[in-house]
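A short write-up of the structure that comes next.
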Amino acid sequence: MFVLELTYTAPLERVDAALPGHVEWLERNYAAGHFLAAGRKVPRDGGLIIASVADRAAAEAIVAEDPFALAGVCDYRITEFVATTTAPALEAYKEQLPS
């Protein structure tokens, strides 16, 4: 499991110009089963995405396709974690610690 943290590096006007493509990218990744939740940070200086993908390489490949990244309006920080406990609705995403 991964947390994808976006930090805006450009004025909000440039971020907003890339927003329609970013939303389409989010929708594609939800449809593919890659994303569980996403949203803006408060204050609005970036966003967070919780992703369930096979490995870090897959997370990096998905991030590289984000129109925000392609437009150069944000930086990404990718954090991997093992979801050993979950809410009942996320039980299917529960993971085991590596041996």
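The values are calculated or read from the model by the stated rules, or taken from the named source; none is laboratory data. Because the structure is a prediction, the values reported are computed rather than measured. Counting neighbours? That spans all protein chains shown, and the Cβs are built from the backbone with ideal geometry, glycine included.
Quick one: how many residues across the stretch 27-38 are within 15 Å of residue 66 (Cβ to Cβ) and either surrounded by fewer than 18 Cβ atoms within 10 Å (Cβ to Cβ) or modelled with pLDDT under 95 (or both)? Reasoning before the result, please.
Taking the stretch 27-38 and keeping what is within 15 Å of residue 66 (Cβ to Cβ), we get 27-30, 32, 34-35, 38.
Checking which are either surrounded by fewer than 18 Cβ atoms within 10 Å (Cβ to Cβ) or modelled with pLDDT under 95 (or both) leaves us with 27-28, 30, 32, 38.
Final tally of qualifying residues: 5.
Which one of 77, 40 is of a type in the set (D, E, K, R) and in contact with a Gly (Cβ under 8 Å, 6 or more places away or on another chain)? Exactly one residue qualifies, and that residue is 40.
Please indicate, with yes or no, whether at least one residue in the stretch 54-67 is modelled with pLDDT of 95 or more, touching a Lys or Arg at 6+ places or on another chain (Cβ under 7 Å) and surrounded by 11 or more Cβ atoms within 10 Å (Cβ to Cβ). Within the stretch 54-67, none of the residues are modelled with pLDDT of 95 or more, touching a Lys or Arg at 6+ places or on another chain (Cβ under 7 Å) and surrounded by 11 or more Cβ atoms within 10 Å (Cβ to Cβ). Across the stretch 30-81, the qualifying residues are those that are of a type in the set (Val, Ile, Thr) and touching a strand residue (DSSP E or B) at 6+ places or on another chain (Cβ under 9 Å), and the one among them that is farthest from residue 20 (Cα to Cα) is 79. Taken together, the residues in the stretch 25-77 that are assigned to a helix (DSSP H, G or I), out of contact with any Phe, Trp or Tyr (no Cβ under 6 Å at 6 or more places or on another chain) and within 25 Å of residue 93 (Cα to Cα) amount to 13.
Scanning the stretch 48-85 for residues that are of a type in the set (Asp, Glu) and more than 12 Å from the chain's Cα centre (by Cα) turns up just one, 55.
If you scan the stretch 1-18, which residues turn out to be surrounded by 14 or more Cβ atoms within 10 Å (Cβ to Cβ) and either hydrophobic (A, V, I, L, M, F, W, C) or in a strand (DSSP E or B) (or both)? The answer is 1, 2, 3, 4, 5, 6, 8, 10, 15, 17, 18.
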